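Working notes for the structure below.
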Amino acid sequence: MAQQAAKNPEVPTRELKGWVIPLLRLFAFSAFVSATVVMALNKQTKAFVVATIGSNPIKATVTAKFQHTPAFVFFVVANSVASMHNLLILAIQSIGRKYDFKGNRFAVIAISDMLTVALVSGGASGAAFMGYLGRKGNSHARWNKICDKFDTFCDHGAGAMIASFIGLVLLIIVNVISIIKLQNRSTANCSVVP
Amino acid sequence: MSKAKSIPLFLLRLLALGATVCATIVMVTSHESTKVLNMTFEAKYSDSPTFKYFLVVNAVASGYSLIILFLSSKNLTWQLVLVSDLVITSLLISSLSAALGVSQVAKKGNLHAGWLPICGQVPKFCDHVAGALVSELIAAIFYFLLLLNSLHNTLDLLTLQA
C-alpha cells in the first residue's frame with residue numbers, strides 16, 4: 001500500500017503507515033475488555049455492627065455488587081458490545097485482505113464505529129454519574145454516600161470507568177482517521193484494501 | 001466538494017435545534033416544592049449535578065446547531081463538521097444516559113444503597129424531568145441522522161468504491 005502511494009504521483013506522500021489504525025483499535029479493544037472485566041467482577045462484602053445486645057455485637061453482612069445498579073449493568077453490556085465490535089473489525093481487517101468485498105464495507109465499518117461510540121459514551125457516562133452519586137451522595141434527596149464504607153468497590157468502579165473513557169477517546173480517533181483515510185483513498189481512486 | 005443544502009436537511013437541523021432548545025428550557029423550568037406535615041420538600045434541577053450537566057450539554061448542542069445553520073455551505077469543511085458532529089452526538093447521548101440513570105434511582109430507589117425514591121413526594125417534578133428526557137431522546141435521534149448525513153457528505157457513500 002505504501003509502495004503504491006510512492007509510485008502514484010497524485011497521491012499525497014504524507015500517508016499513514018498501515019499499522020497505526022489497527023494498533024489504536026487494539027488499544028481500544030483492550031481498554032474496553034478491561035473495563036468490562038473489572039466492572040463485572042466488582043463485588044465487596046462488608047460486615048456492619050447493627051446493634052449490641054449485652055456484650056454481643058450483632059453483625060449484618062452487606063454486599064455491594066454491580067448488578068444492584070442498572071447503570072452499571074448497562075456499562076458492562078455497552079463495553080462488552082464495544083469490545084466484541086472492535087474484535088470483529090480487527091478480524092475483518094486482518095483476514096479480509098484476501099477476499100474481494102464490495103465497496104460499501106468501509107462505509108459500514110465507519111457507521112458501526114459511530115454507533116459504538118454513541119453506545120459506549122452512554123454507558124460510560126451513566127456509570128460515571130452513578131459513581132459520583134455514590135461518592136458524594138445527594139443531600140437534597142437524602143441519599144447517603146456509600147463510598148466511605150465500600151471503598152474497594154468504588155475504586156474498582158472508578159478504574160473501569162477510566163478505562164472505558166480512554167477506549168472511547170481512542171475509538172473516536174480511530175473512527176475519524178479511518179474516515180479521512182477513506183476519503184483520501186476514494187478521491188485518489190485507488191482500489192486497495194486498508 | 002460543494003453540496004448544496006437541500007430543504008429537508010435544513011429542516012432536519014432546525015428540528016434538532018428545536019429539540020435541544022426544548023429539552024434545555026423544560027429542564028430549567030423544573031421546580032416543585034410540596035409541604036408534607038411541617039416539612040418542605042423542594043426539588044430543583046440544580047440539586048443534582050447530573051441535571052446541570054444535562055443542561056450544559058443541551059445548551060452547547062443548541063449553540064452548535066445554530067452556528068452550523070447559519071454558516072453557508074461554502075465556508076464549511078465537511079470533515080470538521082463530521083468530527084464536531086460526532087463529539088456533540090456522543091455528548092448528547094452521554095447526558096441522556098446519565099440523566100436517565102439518576103431519574104431511575106429517583107423513581108424506583110436503590111434499596112441496596114438505602115436510597116429511597118423521591119418521586120412520590122414531588123410527582124410533578126418527576127414528570128417535568130421525564131418530558132425533558134423524551135425531548136432529549138428525539139434530539140439524539142435527529143443528531144445521529146445529521147451525523148450520518150455529514151458522513152455521506154465527506155465520503156459520498158452512494159458512489160464509494162472498494
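The values are calculated or read from the model by the stated rules, or taken from the named source; none is laboratory data. The structure displayed is predicted, hence computed values, not measured ones. Glycine gets a Cβ as well: all are built from the backbone with ideal geometry, and neighbour counts include every protein chain shown. For the accessible areas, the whole protein counts, side chains as well, though only heavy atoms, and no ligand, DNA or RNA atoms are used. Shrake-Rupley method; radii C 1.70, N 1.55, O 1.52, S 1.80 Å.
Can B:Phe51 be described as among the aromatic types (Phe, Trp, Tyr) and open to solvent by 80 Å² or more (accessible area, probe 1.4 Å)? So that I can check it myself, show each step before the final result.
On the way: among the aromatic types (Phe, Trp, Tyr): yes; open to solvent by 80 Å² or more (accessible area, probe 1.4 Å): no.
Taking the combined requirement at face value, the residue does not satisfy it.
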Go through region A:128-151 and report how many residues are surrounded by 18 or more Cβ atoms within 10 Å (Cβ to Cβ) and facing chain B (nearest Cβ under 8 Å). 10
Against the conditions (1) within 12 Å of another protein chain (Cβ to nearest Cβ); (2) over 11 Å from the mean Cα position of the chain (by Cα); (3) surrounded by fewer than 18 Cβ atoms within 10 Å (Cβ to Cβ), where does B:Ile141 fall short? Just the number, please. (2)
Odd one out for A:Ala60 among (1) within 22 Å of A:Asp148 (Cα to Cα); (2) open to solvent by less than 80 Å² (accessible area, probe 1.4 Å); (3) within 11 Å of chain B (Cβ to nearest Cβ): (3)
B:Leu155: passes all of (1) open to solvent by 10 Å² or more (accessible area, probe 1.4 Å); (2) more than 22 Å from B:Tyr53 (Cα to Cα); (3) without any contact (Cβ under 8 Å) to a residue 12 or more places away in the chain but (1)
Which ones in region B:25-48 are more than 22 Å from A:Asn144 (Cβ to Cβ), free of Cβ contacts under 8 Å to residues at least 60 places away in the same chain and outside any strand (DSSP E or B)? B:Ile25, B:Val28, B:Leu37, B:Asn38
Exactly one of (1) modelled with pLDDT of 80 or more; (2) open to solvent by less than 40 Å² (accessible area, probe 1.4 Å) is unmet by A:Phe106. Its number? (1)
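State which residue is most open to solvent (accessible area, probe 1.4 Å) when the search covers only region B:107-120 and only residues that are closer than 15 Å to A:Thr69 by Cβ and at the interface with chain A (Cβ under 7 Å from one of its Cβ atoms).
Of the residues in region B:107-120, the ones closer than 15 Å to A:Thr69 by Cβ are B:107-115, B:117.
Checking the rest, the ones that are also at the interface with chain A (Cβ under 7 Å from one of its Cβ atoms) come to B:110, B:112-115.
On the way: B:Asn110: 13, B:His112: 115, B:Ala113: 28, B:Gly114: 46, B:Trp115: 10 Å².
So the residue we want is B:His112.
Would you check which residues across region A:63-76 are within 10 Å of the chain's Cα centre (by Cα) and either away from every other protein chain (no Cβ under 12 Å) or small (Gly, Ala, Ser) (or both) and list them? Can you show your working first?
First pass over region A:63-76, keeping only residues within 10 Å of the chain's Cα centre (by Cα): A:75-76.
Matches in region A:63-76: A:Val76 only.
Kindly establish whether A:Ala118 is at the interface with another protein chain (Cβ under 7 Å from one of its Cβ atoms) and aliphatic (A, V, I, L, M). First the steps, then the outcome.
Working: at the interface with another protein chain (Cβ under 7 Å from one of its Cβ atoms): yes; aliphatic (A, V, I, L, M): yes.
Answer is yes for this residue.
Look at B:Val83 and say whether it is more than 17 Å from the chain's Cα centre (by Cα) and assigned to a helix (DSSP H, G or I). Quick ask: steps written out before the conclusion?
Numbers: more than 17 Å from the chain's Cα centre (by Cα): yes; assigned to a helix (DSSP H, G or I): yes.
Yes, satisfied.
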